[in-house]
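The values are calculated or read from the model by the stated rules, or taken from the named source; none is laboratory data. It should be emphasised that the depicted structure is a prediction, and the values quoted were computed from it without experimental measurement. Reconstructed Cβ throughout: ideal geometry from the backbone, glycine too, with neighbour counts over all protein chains shown.
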Amino acid sequence: MNVLVVNAGSSSLKYQLFDTNTETVFAKGICERIGIEGSKIEHKQLIKGLKTEEVRDMKNHAEAMKLVVEKLLDKTYGCLSSMEEIEAVGHRVVHGGAFFSESMLLSEDVLAKLRLCHDFAPLHTPAHIQGIEGCLAVMPDTPQVLVFDTAFHQTMAPEAYMYALPYELYEKYGVRRYGAHGTSHRFVAGEMLKILGRTEGTRIVTCHIGNGSSVSAVKDGKVVDTSMGFTPLAGVEMGTRCGDIDPAIVPFMMEKLGLTPAEASNLMNKKSGFLGVSGFSSDSRDLESAVADGPANPNYERANLAINILKLQLKKLIGAYAAEMNGLDAIVFTAGIGENNTRLREIVCEDMEIFGIEINKELNAKMLRQSNIVKLSTDASRVAVYLIPTNEELLIARDTAAIVSATK
């Protein structure tokens, strides 16, 4: 089945065209600056290895989708002879609230419930809806499937997702832990289960570490706990996000700095994390470079501190999740930092003898920009440690094909 996977942002639209029978990507690209002067599309035809870039006015996501289809049908850069060859569209959706525990075929009811999730992800939800409506405008008869980042975490028990706040906040406003990056966690956990050769009795910690980071405890193939919370601000230190802090800090700094709620939110979301601690960069590569230079680099101490904060937080979560699941079979590192920061993987796994974790330091040091699954643990390690590159788009394509095929 030919499935077009769409990831719509507020002013962007990323896409990939899959043949789900062979799991081949025919084409991929991105529309940028939608609704902004200087909008453009970058399109790659992967079968022939062709690439084109064009500045083109796109007032909204519907116009962006028209341009995407135009490129897919182009005689030189395209890979389809007619629009009817797109058999289904799969959408990445960041937040499905408590409404969706699995991917869903689009309907009026599903779209209405998605609109109710606006407050949970105010930056993402309107963009997703625009992307969906853009596809409907161009391909009204093509089935569409929504794949939710929060869905994989809906298996958590109430004691894992509830906060110790007045219960009315949950009943009236849905205040609870939802988690994020669920599509990535589901993909890499599924690959790890294949390696383990079973689902029942398995205990896996999946570490999605990137500019945004989250860690999940996956027992018997289902999430029992995850580090992100009501919003993606919670959990571990990230590129510009603070992660978990004492909530009393929020009113304290609002009073001391004279911040509005919006300004306090911006400080925690945009000015904290690696950037806030190091004082010079939100990119882990810059931090690692400063650390590699040694004390002679003026950014050394705070860059090292920022990295060590994340290291300690990851260690604590792995230990906590091992206790929660009564054991640990595997740790998976994925996403931009998880897949490419060799030093972070090493320092997270060292001094973890109590769990029987032993990483192959020489092999680990070589594993970056790796497209294959790699075992990083030694043969003596009681816990398997793996680098598994994530592929959320492929999972979205798989879900879309399965759901649409089941309706025929």
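Select, from HIS153, HIS208, the only residue that is of a type outside the set (A, V, I, L, M, F, W, C), at pLDDT 95 or above and assigned by TED's automatic domain parsing to the domain that holds ASN326.
Going through HIS153, HIS208 in turn, the sole match is HIS208.
Between a first residue in the range 303-319 that is assigned by TED's automatic domain parsing to the domain that holds LYS271 and a second residue that is among the aromatic types (Phe, Trp, Tyr) and in a helix (DSSP H, G or I), which pairs have beta carbons less than 7 Å apart while being 6 or more apart in sequence or on different chains? Correct list of pairs: ALA306/PHE274.
A search for C-beta distances below 7 Å between a residue of the range 342-355 that is in contact (Cβ under 8 Å) with a residue 12 or more places away in the chain and any residue that is small (Gly, Ala, Ser), counting only pairs 6+ apart in sequence or on different chains, returns THR342/ALA365; PHE355/ALA322. Is at least one residue of the range 282-299 modelled with pLDDT of 95 or more, crowded, with 16+ Cβ neighbours inside 10 Å and of a type in the set (Ser, Thr, Tyr)? No: zero hits. Against the criterion of being crowded, with 17+ Cβ neighbours inside 10 Å, of a type outside the set (Gly, Ala, Ser) and part of a loop (DSSP other than H, G, I, E, B), PHE100 qualifies.
Taking every residue in the range 383-408 that is farther than 16 Å from ILE195 by Cβ and pairing it with any residue that is assigned to a helix (DSSP H, G or I) and among the aromatic types (Phe, Trp, Tyr), at least 6 positions away or on another chain, the pairs with Cβ-Cβ distances below 6 Å are LEU395/PHE187. Checked across the range 204-218, the condition of being in contact with a Phe, Trp or Tyr (Cβ under 6 Å, 6 or more places away or on another chain) and either charged (D, E, K, R) or over 26 Å from GLN154 (Cβ atoms) (or both) holds for no residue. Being basic (Lys, Arg) and modelled with pLDDT of 95 or more is true of LYS219. Selection of the range 238-250 for residues being surrounded by fewer than 16 Cβ atoms within 10 Å (Cβ to Cβ) and under 18 Å from MET228 (Cα atoms) yields ASP244, ILE245, ASP246, PRO247.
Tell me the helices (runs of 4 or more DSSP H) entirely within the range 301-408 that contain at least 3 residues that are of a type in the set (A, V, I, L, M, F, W, C).
342-349, 392-407
Here's a check for you: in the range 251-281, which residue that is of a type in the set (S, T, N, Q) and under 25 Å from the mean Cα position of the chain (by Cα) is surrounded by the most Cβ atoms within 10 Å (Cβ to Cβ)? Filtering the range 251-281 for residues that are of a type in the set (S, T, N, Q) and under 25 Å from the mean Cα position of the chain (by Cα), the one surrounded by the most Cβ atoms within 10 Å (Cβ to Cβ) comes out as SER278. Within the span defined as the range 340-349, one or more residues are under 18 Å from the mean Cα position of the chain (by Cα), in the same structural domain as VAL291 (by TED's automatic domain parsing) and under 28 Å from ALA27 (Cβ atoms). Please verify whether the range 248-262 includes one or more residues that are at negative phi, at pLDDT below 95 and among the polar types (S, T, N, Q). No, the range 248-262 contains no residue that is at negative phi, at pLDDT below 95 and among the polar types (S, T, N, Q). Taking the range 382-408 only, how many residues are surrounded by fewer than 20 Cβ atoms within 10 Å (Cβ to Cβ) and touching an Asp or Glu at 6+ places or on another chain (Cβ under 7 Å)? Number of matching residues: 3. Among the residues of the range 143-157, write down those that are part of a loop (DSSP other than H, G, I, E, B) and either under 16 Å from ALA64 (Cβ atoms) or of a type in the set (A, V, I, L, M) (or both). Selection gives MET156, ALA157.
Take ALA306 and decide whether it is more than 30 Å from GLY197 (Cβ to Cβ) and buried (at least 20 other Cβ atoms within 10 Å of the Cβ). The answer is yes for ALA306.
Only residues that are touching a residue at least 60 places away in the same chain (Cβ under 8 Å) and closer than 21 Å to ILE129 by Cα were counted in the range 13-54, giving 3. Output the residue which, of all residues in the range 32-80 that are acidic (Asp, Glu) and exposed (fewer than 15 other Cβ atoms within 10 Å of the Cβ), is modelled with the lowest pLDDT. Result: GLU37.
Among the residues of the range 99-135, those that are under 21 Å from LEU67 (Cα atoms) and in contact (Cβ under 8 Å) with a residue 24 or more places away in the chain comprise PRO126, ALA127, HIS128, GLN130, GLY131, ILE132, GLU133, GLY134, CYS135.
Is it true that SER101 is closer than 20 Å to GLY179 by Cβ, of a type in the set (S, T, N, Q) and within 26 Å of the chain's Cα centre (by Cα)? Taking the combined requirement at face value, the residue satisfies it. Residues that are surrounded by fewer than 21 Cβ atoms within 10 Å (Cβ to Cβ) and modelled with pLDDT of 90 or more within the range 103-128 comprise LEU105, LEU106, SER107, GLU108, ASP109, VAL110, LEU111, ALA112, LYS113, ARG115, LEU116, listed in sequence order.
Annotation note: of GLU168, GLU191, the sole residue that is surrounded by fewer than 16 Cβ atoms within 10 Å (Cβ to Cβ) and either within 13 Å of the chain's Cα centre (by Cα) or modelled with pLDDT of 95 or more (or both) is GLU168. Among the residues of the range 65-97, the ones that are in contact with a Lys or Arg (Cβ under 8 Å, 6 or more places away or on another chain), within 30 Å of GLU53 (Cβ to Cβ) and in a loop (DSSP other than H, G, I, E, B) come to 2 in all.
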